[in-house]
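Okay, so here's the structure we're looking at.
The values are calculated or read from the model by the stated rules, or taken from the named source; none is laboratory data. On a predicted model such as this, the values are computed, not experimentally measured, just so you know. Quick reminder, even Gly has a Cβ in these numbers, built from the backbone with ideal geometry, and neighbours come from all protein chains shown.
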Amino acid sequence: MSTSLIVSDLDHTLLNAEHRLDDITIETFQALAARGHHLAIASGRHFRDIAAVRRMLGVSGHIISTNGAHLHAPDDSLIFETHVPMEAVAELMSLDVPESVRINLYTGDRWLIDAPEPALLAFHASTGFSYEVTDVRSFQGHDIGKVLFIGDPELLAALETEIRARLGESVYVTYSLPNSLEIMNREASKGRMLQRLMAQLEVPAERTLAFGDNLNDIDMLQTAGRAYAVANAHTQLTLSAPHAEIIGSNVDAGVAYKLRELFALD
């Protein structure tokens, strides 16, 4: 197969149930890199978090982080980024948020949260990336890649309705997990950043493969000429990207086994 661009989401897609990489996944990505294919990781996670996973994979690759707010090269240099407008951040910080919902900000190099949430630490334990507790409502930084609300899905649904009513199309609103409501600049998304990366690498859609599982992966799979949804994917993803082939689940290393089949690695 000609040189391809292979891009994968992380949580519930490339990572297993323990949010770690299976040995078969590491071996597969290293074999693809040795053959000269372009590799990329696209995730709602922070760049620093994703970079740690890339080091575990032991490969060179681009990183699309914070749901498409940032694009970094294999040498970690910044290619492009877009921030949440400060007036939108101010509007989001003025919301009446339930006490059980955690308010998070992703900046260029930090993950800020309004109160401790130990359950989140296990999610990122393998990378060592962690939050800093601070008064996010008074944060004055101008490099916010996303505002993230984590909590009960029913509470988030009500917040989402209010956010869309207040901010409309001025921001990009999506979910990476049922309990994670994410707001970025309206120009940010995994699909938009994938388009930039494809253009830079001069790889056409028909040689671009994308793997995902949730709502924030929809336009990425729509952009790629060859799209794959893990068996555990959100129903809306498969409805919105009907050309996507259903593969094995993340707990069965579905991405790795599909890649081994496609590139004859066995």
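Name the residue that is nearest to F123 (Cα to Cα), counting only residues in the stretch 182-215 that are touching a Ser or Thr at 6+ places or on another chain (Cβ under 8 Å) and free of Cβ contacts under 8 Å to residues at least 40 places away in the same chain.
Step by step, filter the stretch 182-215, then rank; the result is R186.
A quick yes/no check of all residues on (1) modelled with pLDDT of 95 or more; (2) assigned to a loop (DSSP other than H, G, I, E, B); (3) farther than 15 Å from D9 by Cβ:
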site: I41; (1), (2), (3): yes, no, no
site: G44; (1), (2), (3): yes, yes, no
site: I50; (1), (2), (3): yes, no, no
site: M56; (1), (2), (3): yes, no, yes
site: I64; (1), (2), (3): yes, no, no
site: D75; (1), (2), (3): yes, yes, yes
site: I79; (1), (2), (3): yes, no, yes
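Can you pull out the residues in the stretch 93-108 that are in contact with a strand residue (DSSP E or B) (Cβ under 8 Å, 6 or more places away or on another chain), under 11 Å from F139 (Cβ atoms) and assigned to a loop (DSSP other than H, G, I, E, B)?
Correct list: empty.
Are there any pairs, at least 6 apart or on different chains, whose C-beta atoms fall under 8 Å, with the first in the stretch 149-165 and free of Cβ contacts under 8 Å to residues at least 12 places away in the same chain and the second exposed (fewer than 13 other Cβ atoms within 10 Å of the Cβ) and outside any helix (DSSP H, G or I), and if so, which?
none
May I ask you to verify whether L262 is under 13 Å from the mean Cα position of the chain (by Cα) and surrounded by fewer than 22 Cβ atoms within 10 Å (Cβ to Cβ)?
Here the answer is no, as L262 does not meet what is asked.
For the stretch 160-188, how many residues meet the condition of being more than 15 Å from H234 (Cβ to Cβ), of a type in the set (G, A, S) and surrounded by 23 or more Cβ atoms within 10 Å (Cβ to Cβ)?
1
Which of the helices (runs of 4 or more DSSP H) found entirely inside the stretch 155-266 contain at least 3 residues meeting this: farther than 25 Å from I79 by Cβ?
235-240, 254-262
In the list R45, R54, R110, R102, which residue meets the criterion of being of a type in the set (K, R), surrounded by 19 or more Cβ atoms within 10 Å (Cβ to Cβ) and not assigned by TED's automatic domain parsing to the domain that holds D219?
Residue meeting the stated conditions: R102.
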